[in-house]
Structures are given as C-alpha cells and as structure tokens.
Amino acid sequence: MTLAVMGSTTACSDDGQVAVCEPACAPFGPWLPGVGECEAGSCTPTFMECFENTEFSTCQAQCEAVGSTCSENACADGTYMIISNLEDCTDPEQIGPVVSRSCDEAIEWQVNTAARCCCEQNP
C-alpha cells in the first residue's frame, strides 16, 4: 500500500496483485484507518480541508467547492468531523468527533467553528 500526506491528488490503478495509487492517496492519518487510503486500486474518501462555519453549511456544498462529491458516512462511519476552531483543525495532531449525517443536512456546529467533510478523492 502506498500512502502520502494530505493534499495529494489521486490516480489509482491495480497491478493485479496489490493496489497501487500514484500519485498516492491522501490518508487522514493513523487515528482513522481506512480513511483516504488506497484499496483495490482506488482511493477511499477522506476528510478534506478544514473550513469555518461561515464558509459552508453542508458537506455537499463544501465538497462541491473543492471539485469533489460528498461521501455520506464513508469516513470512519461519518460524513464530517467537527473541531473546536480552525487552528486546532489544521493541526495534524488534533482530531474531533466524527458525525454521521446526510451530505445535504446542515452541519451541527454547536459551539464549534471548524469542520472537515468526507469527500471522494478525484483523479
């Protein structure tokens, strides 16, 4: 399995024996195995860039804005990860609760101001 840091673009293939994704997929990290990884020659959905509650109200809108498609409950059984603020969200050591919702359902911000949505990785 080939892995890379977040921000990579994807173009996956299968060499017949092992999944090969070049350039590599954008795995979320060791805390959420299976999120953004290369499986059977395709990159699984991943939590995309952090954004603030003033930018988007749904994951459908956020994923479309980055040229992708929202993947409902496909990242660690969730559609988005809610995080207290943008600074914490951009820290690779910080993760927040993963929330299961539909892609077009409004994000439940509560007191939080940042989130990451689960989106398809496009080649």
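Just one of (1) assigned to a loop (DSSP other than H, G, I, E, B); (2) at pLDDT 95 or above trips up Gln94, so point out which.
(2)
Would you check which residues across the stretch 50-65 are under 11 Å from Cys117 (Cα atoms) and either modelled with pLDDT under 95 or in contact with a Ser or Thr (Cβ under 8 Å, 6 or more places away or on another chain) (or both) and list them?
Cys50, Cys59, Cys63
For the stretch 103-123, give me the residue count where each residue is under 14 Å from Ala65 (Cα atoms) and touching a strand residue (DSSP E or B) at 6+ places or on another chain (Cβ under 7 Å).
6
Go through the stretch 27-40 and give me each residue that's surrounded by fewer than 21 Cβ atoms within 10 Å (Cβ to Cβ) and assigned to a loop (DSSP other than H, G, I, E, B).
Selection gives Gly29, Pro30, Trp31, Leu32, Pro33, Gly34, Ala40.
Pick out the one residue from Arg116, Arg101 that is surrounded by 14 or more Cβ atoms within 10 Å (Cβ to Cβ), in contact with a helix residue (DSSP H, G or I) (Cβ under 9 Å, 6 or more places away or on another chain) and assigned to a loop (DSSP other than H, G, I, E, B).
Arg101
What pairs come up if the first residue lies in the stretch 46-70 and is touching a residue at least 60 places away in the same chain (Cβ under 8 Å) and surrounded by fewer than 19 Cβ atoms within 10 Å (Cβ to Cβ), the second is among the aromatic types (Phe, Trp, Tyr) and outside any helix (DSSP H, G or I), and their beta carbons are under 8 Å apart, counting only those six or more places apart or on different chains?
Asn53/Trp109
Residue by residue through the stretch 41-84, note down the ones that are charged (D, E, K, R) and either touching a Cys at 6+ places or on another chain (Cβ under 8 Å) or in a helix (DSSP H, G or I) (or both).
Once the filter is applied, which keeps residues that are charged (D, E, K, R) and either touching a Cys at 6+ places or on another chain (Cβ under 8 Å) or in a helix (DSSP H, G or I) (or both), the stretch 41-84 yields Glu64, Glu72.
So, of the residues in the stretch 12-32 that are more than 20 Å from Asp91 (Cβ to Cβ) and out of contact with any Asp or Glu (no Cβ under 9 Å at 6 or more places or on another chain), which turns out to be modelled with the lowest pLDDT?
Asp14
Among the residues of the stretch 43-63, how many are closer than 23 Å to Cys21 by Cα and not polar (S, T, N, Q)?
6
The values are calculated or read from the model by the stated rules, or taken from the named source; none is laboratory data. Everything quoted here is computed from the prediction, not taken from an experiment. Backbone-built Cβ (ideal geometry, glycine too); neighbour counts: all protein chains shown.
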